[in-house]
Amino acid sequence: MRLLIIEDDRDAADYLVKAFREVGHVAEAAHDGEDGLARALDTPYDVLVVDRMLPKLDGLTVIGTLRAKGIETPALILSALGQVDDRVKGLRAGGDDYLPKPYSFSELLARIEVLARRRGARQEETELRVGNLHLDRLSHMVRRGEEEITLQPREFRLLEYLMQHAGQVVTRTMLLENVWDYHFDPQTNVIDVHISRLRSKIDKGFSQPLLHTIRGTGYMIRDGAR
Amino acid sequence: MTALGKLFRTTTFKLTLVYLTVFALFAAFLLGYFALNTRRLITEQITDTVNAEITGLSEQYRQGGIRRLVIVVDERARRPGSSLYLVTTFSGEALAGNVTALQPGTLDTPGWAESSYRRLDEAEDKDHPDHHALVRVFQLPGGFRMLVGRDLDERERLYHIVLDAGRWSVAIVIILGLAGGLFVTRRVLRRVDAMTETSRSIMAGDLGERLPVAGTGDELDRLAINLNLMLERIEALMHGLKEVSDNIAHDLKTPLTRLRNRTEQALRTASSEAEFRAALEGTIEESDGLIRTFNALLMIARAESGQARDDMVDFDAAEIANDVGELYEPLADQKGIVLTVDAGTPAPIKGNRELVSQALANLVDNAIKYAEPADRAAGVAPGEILVKAVNEGDRVLLIVADNGPGIPEADRARVLERFVRLEQSRSQPGSGLGLSLAAAVARLHGGELTLADNGPGLKGIIALPRGGPVQIAG
């Protein structure tokens, strides 16, 4: 995956470039808005990581200009402001995701991987499948093998989100944002309990677990045979 | 600036001057008009009287000739307060009457004239040489001339009296007006000075001072009361700010110190990679906790500054109760606590959905933390938490009731403050900011968070006005 990091703090940018390279991505850094915009116009990147406050041209303007020119490269906004209205502003300007500083690298990585693959057709599929687990988005039916599984509406949405991003790490915050539409920190890790409930419904009694905990980061659903 | 100069510069005094000028002009106009009209009226009366007398006397002359006229005139002229009469031959020789010393030529032209005169029965007086009279000269058949007139002094006297009265009243209006204006101005100025004085000392840093309120309920009082409310708010904010910085200093320094100590110790003593790794993991965990605390503080600050008022939308508080209940139910269940939601009726409200959700989540989180888990062996019944959304008048109540240990009444107000955690709860994880954030969110919406006894347990109530925060009316 090819990434452009537009961040004026050189230490932070270098850290990110290095960290992304370590996990096998190609990352470059631009240190101001104009440079970032020029490079993003020039090179087809998979994802842009854009700091909000940048010299010369601020992050939202960079994204807005790209969108106006028809360039739809997914963009994740990093911001030190981290407030609800700030987030909304970022998304309105054409950002695809928003992460307040300070962030953990694993959170950023998980979000970037989801963004990079977002343009796949998964969103529109009516049936999601991971191993022998089936989820029908129209009839809201879930099956594991031949066995039908009954889920609460929220559990269904949780599973749906995980299956949409099968093979990708999703963090607790991503789940809280996308399944519950909350952008605050619920102090106690309520998500873990929801996951363990879901796990007991879809994995219990099967030799091959599908729902995995990724230590220190979040969760992933994947076919164990992979 | 001199005291008097300051007085003259005030709005009150300038207004007084304007009103005074208007009133004085009006009074002058009124009295002048009155004086002129009085004069005209008296003149008219005189004319009428003179005309009537001339008609009467002409009649006498027609009936009895000059002799009869002379007798009648003589007789009339002697009456006290009589009109002025003079009957002469065509050559001007007086036949009868009571006037003399008329202006020369008066008798030559018939008709109306004003003339000086002297009564025959009074001696020549050097001090008041002349009286004035309005006379009419009438030509009788046979060459006789008859003059009838009335004294004008009375009219002039009256006219002057009215004019004098006018001058005096205008003068008095001006004097009293100025005095009144000065008095009122000084009174207002004194109160404004007192306010200025107080605000100076407030600016100098004494936020506890309040503007004086006279208790008359007038506009200055209303202003002072509103300014005092504003000061109270500012003082509370300043107090809060001070407290926050104190608490930040205390509560952020503690984990920071711990962080530093741990890192230092790892550097000093760790020898294996596993040990270093463990130390680093502990460091990240500790810093995550710090970030969380910091975020909560920012959130509170933001809620208290009222910024979030811009994001207010209409939403259903009952839905929030259901959502939050649903979010926490598995966690409660895992701890052996029964969490029920009672929010069947929609409770529409205007507010910040995200913040209200978080406030309610914090209350539920708290309740789960402190509720007694079921312990069958010890015969403890399972803890119960009830989340409710209730419509009450023009408010919506979001209630979280538990049957845990509760909070002693004396401590209830204190736990809403930032970072306050009761001794018993020091062992529990948390930043100690949950309840203060909930309280700040309630205040942002113009509502309040109250903690009540649930007998046993605690009942947290977030009361929010249905229409969102209302501006304080002036």
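What follows draws every value from the coordinates through simple rules; no lab data is involved. Please read these numbers as outputs of a predicted model, since none were measured by experiment. Neighbour counts are summed over all protein chains in view; Cβ atoms, including those assigned to glycine, are modelled from backbone coordinates with ideal geometry.
Take the Cβ-Cβ distance between residue A:148 and residue B:245 as r, set R0 to 45 Å, and report the resulting FRET efficiency rounded to the nearest 0.05. The value I calculate is 0.15. Taking every DSSP bridge with both residues inside chain B, close to 90 percent are antiparallel. Summing Lys and Arg as +1 and Asp and Glu as -1 over all other residues whose Cβ lies under 12 Å from the Cβ of residue A:64 gives a net charge of +3.
In chain A, the ratio of gyration radius to Kirkwood radius, Rg to Rh, stands at 1.00 when only Cα atoms are counted. For residue B:242, the lysines whose Cα comes closer than 27 Å to its Cα, not counting residues fewer than 8 places off in the same chain, are A:101, B:253.
What percent antiparallel are the DSSP beta bridges of the protein assembly as shown, to the nearest 5? Roughly 75 percent of the beta bridges in the protein assembly as shown run antiparallel, per DSSP. The Kirkwood hydrodynamic radius of the stretch B:208-305, based on inverse pair distances between different Cα atoms, is 17.3 Å.
Can you tally the net charge around residue B:261? Count Lys and Arg as +1, Asp and Glu as -1, for every other residue whose Cβ sits under 14 Å from the Cβ of residue B:261.
On the way: positive: B:253, B:258, B:260, B:262, B:268; negative: B:264, B:286.
Neighbour charge sum, excluding residue B:261 itself: +3.
Computed log10 I(q)/I(0) for the stretch A:122-221 at 0.22, 0.23 Å⁻¹: -1.25, -1.36, from the Debye equation with unit scatterers placed on every C-alpha and solvent omitted.
Going Cα to Cα from residue B:6, which lysines come in below 21 Å? Please leave out same-chain ones fewer than 8 positions away. Excluding near neighbours in sequence, the set is B:14.
Taking only the alpha-carbon atoms of the protein assembly as shown, what semi-axes of the equivalent ellipsoid follow from 5 times the gyration tensor eigenvalues under a square root, in whole Å, largest first? Display every interim value, and only then the final one.
On the way: eigenvalues 2202, 177, 148 Å².
Equivalent ellipsoid of the protein assembly as shown: 105, 30, 27 Å, largest first.
Here chain B is treated as a sphere whose radius is the Kirkwood value from Cα pairs; by Stokes-Einstein at 20 °C and 1.002 mPa s it diffuses with a coefficient of 66 µm²/s. Maximal additional length on extending the residue B:132-residue B:350 stretch stands at 69.5 nm, based on 0.36 nm per residue less the C-alpha distance.
Charges were assigned to the Cβ only: +1 to each Lys and Arg, -1 to each Asp and Glu. The resulting dipole of the protein assembly as shown about its Cα centre is roughly 1100 debye.
With R₀ set to 41 Å, the beta-carbon distance separating residue B:226 from residue B:292 gives a calculated FRET efficiency near 0.55. The simple Förster model, with R0 at 45 Å and r as the Cβ-Cβ distance, assigns residue B:275 and residue A:39 a FRET efficiency of 0.60. The relative contact order of chain B comes to 10 percent, based on Cα pairs under 8 Å that sit 6 or more residues apart. Note on residue B:350: lysines with a C-alpha under 28 Å away, same-chain residues under 8 apart excluded, are A:89, B:388, B:459. Take residue B:52, project a point 7 Å from its Cα along the Cβ direction, then tell me which residues of the stretch B:85-123 have their backbone nitrogen under 18 Å from it. In the stretch B:85-123, the label zone of residue B:52 (backbone N under 18 Å from the point 7 Å along Cα→Cβ) covers B:85.
Write out the GluC sites (Glu not before Pro) in the stretch B:1-99 meeting two conditions: DSSP loop, and at most 10 other Cβ atoms within 10 Å of their Cβ. Display every interim value, and only then the final one.
Numbers: sites: B:44, B:53, B:59, B:75, B:93; in loops: B:93.
Of the GluC sites (Glu not before Pro), the ones in loops of the stretch B:1-99 whose Cβ has at most 10 other Cβ atoms within 10 Å are B:93.
Taking trypsin sites (Lys or Arg not before Pro) across the stretch B:241-291, none is in a DSSP loop with at most 12 further Cβ atoms lying within 10 angstrom of its Cβ. Here the gap between residue B:82 and residue B:409, fully extended at 0.36 nm per residue and compared with their Cα-Cα distance, gives a gain of 107.4 nm.
Mean separation of Cα pairs under 8 Å and 6 or more residues apart, divided by the residue count, gives the stretch A:2-118 a relative contact order of 23 percent. Here the spin labels are modelled as points 7 Å beyond Cα on the Cα-Cβ line, and at residue B:313 and residue B:45 they lie 8.8 nm apart. Charged neighbours of residue B:201, selected by a Cβ distance under 15 Å, balance to -3 (K, R count +1; D, E count -1). Any chance you could list P(r) for the stretch B:156-238, counting all Cα-Cα pairs in 10 angstrom bins from zero, rounded to whole %? Once binned at 10 Å, the Cα pair distances of the stretch B:156-238 give 16, 30, 18, 12, 11, 8, 4, 1.
Of the listed peptides B:296-304, B:7-15, what is their order by residue-averaged count of other C-beta atoms within 10 Å, with the highest listed first? Each step should come with its number before you reach the end.
On the way: B:296-304: 19.9, B:7-15: 14.6.
With the highest mean Cβ count within 10 Å placed first, the list reads B:296-304, B:7-15.
Taking every C-alpha pair closer than 8 Å and separated by at least 6 residues, the mean separation divided by the residue count of chain A gives a relative contact order of 13 percent.
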